[in-house]
Amino acid sequence: MSSIRQHAHQVMRFGEGLGGASGPAQDPAIARSWRRCLHQHQLDPSRPEAPCVVEERRLAERREPLDNLIGIARGQMSSLHQQLGGRGRTILLTDTEGVVIDSLCHPDERREFQRAGLWLGSVWSEAVEGTNGVGTCLVERQPLTIRRDEHFRGRHTGLSCSAIPLFDPQGGLQAVLNVSSTREELSGQSQFHATALTTLSAKLIESCCFLQHCEDRYLLRFHAQAQFIGLLSEGLLAFGGDGRVEAVNEAALALLEESRERLLGRPLESLFAVRLDELLQRARPEPDTCWPLRLTSGRLLHARLRGQRLRSLPAIPAPLPGRQREAAPCFADAQVQKDLARALKVLERDVPVLLCGETGTGKEVFACALHRASSRAGKPFVALNCAAIPEGLIESELFGYRAGSFTGARKEGMSGKLQQANGGVLFLDEIGDMPLHLQTRLLRVLEERRVMPLGATEAQPLDIRVISASHRDLQALVAEGRFREDLYYRLNGLCIALPALRERSDRAILIEQMLEEEAQGQRLQLEPGVREALLAFAWPGNVRQLRNVLRALVALNEDGWVSLAELQRVLPAAVAATRPAQQADPLAAAERDALLSAVRRCNWQLTAVAAELGISRNTLYRKLRRYGIRRQVD
């Protein structure tokens, strides 16, 4: 007891400003903690009571949400215990309130550590036990070693502890890994060795948690030096199919020289000098090779990408110089990629391709991408919409005419679409609306590969590849006698059924891409719930309807913020589709609304949000994930 009183006297002298600069509190972290214990927590360093222990039922409740972490940490705790010699130390895992949720020691030493309060369910928060490895680590959020008389309470001066914080993939504190010893003969070198091994174990636990948490996401592993990929110093970055950052580790923050707040929710294409579709081509379920990856700043890194590889896309060249810049098509849907590859193979063999599907599914975009991926990418791509031209003009538009062929004709004549497409690709959109008599002429041209303009006396040779499209059922039109059966079979070398937007797996990527195109460089944020509503809507008008809605939302945004209320005015059905689930659980809807209000009010400073709501950051993260709330950053 004399040693406890002596230590308490030293602590109180420090509190009165009489401790000098040579005592245990010369470490700034210890000094801060002692002050908190004296002034904030009002603790008495001489009180001898043992640490409090939570009851079994409450301990089970605390362990349940951390079962996955406990399972991962258990193996590392066992390995760490063996590396430290197997005796003389106990390994503790605590939650964010300092409650021990798992422990490991030699069976013969269990009673010794229990007497010191180092056992399952004991509470080691700084507010309860004063300065100690676990509690002070939780406050300081950094690795700490607390040796003997650096503890606040006199009864703990026989302990030496090394505590390392464990962070989740979003940067939230989720636990503490601690090594404690009751041996007096431990040297500073021995404690340093224990701290180093504990730090290594903590990093391994964090990495395992990161990999497991993000197993259904794309995982980018990178480093400035290729040989360091796969080691603890590698950067880890997880993202979804929409190409936005969802999680990063500390090494990634250092390598990218960015803060976590600036990275989460950010599109990859603003970080790396590569298009998302090109990056996803690198994905492998078990990547074994690394490749160069440049930041937008030009700095070179090396990387591997874990994830389901997108099926190989034919290379789509950039538009020719002088042509208006075209937006890259979005073909991240696996079936669309497969269809594009199949269509390219047959088109290269001069087999006509017929595109079918609902209106607005992007048939012309698909045809244009097919042309750009083909060997005729540098040759003309000519499109004719058979439903958009008056019946009387289709013939002259398609076949052209010579000067003076009919009243009102141009004096110099006109080349038809067939001639304009010579050497390239002709795209006949809405072919089902072509008049029957022109179907006969078109069939003859396709069979003979020669075209006779109106008023001409000699046919001209023709070299074209043909892609046609229709949202109508051409077989039904054939049965009704409104479409020539022989032309149908001539055009239908390969039929590609383009999926409706509601059936595409790349809707999220498509929305992001189209929103960026419509924003034209303007920075926009979507209020939480807007993206979910856009993804959930059935889109009867498909991609065409989506583009019009996004264009309206961009035009109506307020200070770069696209609100759910504005979407309600532009497309009420989209918002209505997301309401039934909320109405089924009014308490959940109210909680979600409260979270939304808090994060907006605190400008997404999650520490401030958690403090305002009176919950831990871990709980806040769980609730944000539960309700699908995430920050939108462009």
Search the range 243-266 for residues that are within 14 Å of residue 232 (Cβ to Cβ) and pair each with any residue that is part of a strand (DSSP E or B) and among the basic types (Lys, Arg) when their beta-carbon atoms are under 7 Å apart and the residues are at least 6 apart or on different chains.
none
Given the conditions (1) touching a Cys at 6+ places or on another chain (Cβ under 9 Å); (2) surrounded by fewer than 13 Cβ atoms within 10 Å (Cβ to Cβ), report the number of the one that residue 463 does not fulfil.
(1)
Across the range 459-481, what is the number of residues that are of a type in the set (Gly, Ala, Ser), over 23 Å from residue 346 (Cβ atoms) and not in a helix (DSSP H, G or I)?
2
What do you reckon, is residue 214 surrounded by 23 or more Cβ atoms within 10 Å (Cβ to Cβ) and either without any contact (Cβ under 8 Å) to a residue 60 or more places away in the chain or among the aromatic types (Phe, Trp, Tyr) (or both)?
no
If I go through the range 528-539 residue by residue, how many of them are surrounded by fewer than 17 Cβ atoms within 10 Å (Cβ to Cβ) and either among the aromatic types (Phe, Trp, Tyr) or in contact with a Leu (Cβ under 9 Å, 6 or more places away or on another chain) (or both)?
1
Quickly run through the range 204-231 and pick out the residues that are touching a helix residue (DSSP H, G or I) at 6+ places or on another chain (Cβ under 9 Å) and over 13 Å from residue 306 (Cα atoms).
204, 205, 206, 208, 209, 213, 223, 224
Quick check, is residue 573 at pLDDT below 90 and part of a loop (DSSP other than H, G, I, E, B)?
no
Specify which of the listed residues (155, 183, 110) is farther than 17 Å from residue 24 by Cβ, in the same structural domain as residue 29 (by TED's automatic domain parsing) and assigned to a helix (DSSP H, G or I).
110
Any residue in the range 71-90 that is touching a Gly at 6+ places or on another chain (Cβ under 7 Å) and aliphatic (A, V, I, L, M)?
no
Can you tell me which of (1) surrounded by fewer than 16 Cβ atoms within 10 Å (Cβ to Cβ); (2) on the phi > 0 side of the Ramachandran plot; (3) modelled with pLDDT of 90 or more is the one residue 86 doesn't meet?
(3)
Of 494, 515, the only residue that is closer than 30 Å to residue 597 by Cβ, at pLDDT 85 or above and either out of contact with any Lys or Arg (no Cβ under 9 Å at 6 or more places or on another chain) or not assigned by TED's automatic domain parsing to the domain that holds residue 277 (or both) is 515
Where residue 221 falls short, out of the listed (1) in contact with a Lys or Arg (Cβ under 7 Å, 6 or more places away or on another chain); (2) part of a helix (DSSP H, G or I):
(2)
Please go through (1) assigned to a loop (DSSP other than H, G, I, E, B); (2) of a type outside the set (Val, Ile, Thr); (3) in contact with a Lys or Arg (Cβ under 8 Å, 6 or more places away or on another chain) for residue 540 and return the number of the only condition it doesn't satisfy.
(3)
For residue 300, indicate whether it is at pLDDT 90 or above, surrounded by fewer than 20 Cβ atoms within 10 Å (Cβ to Cβ) and farther than 30 Å from residue 141 by Cβ.
yes
Name the residues in the range 217-252 that are under 23 Å from residue 165 (Cα atoms), touching a Ser or Thr at 6+ places or on another chain (Cβ under 9 Å) and crowded, with 20+ Cβ neighbours inside 10 Å, would you?
234, 236, 249, 251
Considering each of 232, 204, 219 in turn, give the residue that is among the hydrophobic types (A, V, I, L, M, F, W, C) and within 17 Å of the chain's Cα centre (by Cα).
219
Is it true that some residue in the range 508-517 is crowded, with 19+ Cβ neighbours inside 10 Å and either more than 24 Å from the chain's Cα centre (by Cα) or in a loop (DSSP other than H, G, I, E, B) (or both)?
no
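The values are calculated or read from the model by the stated rules, or taken from the named source; none is laboratory data. Because the structure is a prediction, the values reported are computed rather than measured. Here Cβ is always computed from backbone atoms with ideal geometry, including for glycine, and neighbour counts include all displayed protein chains.
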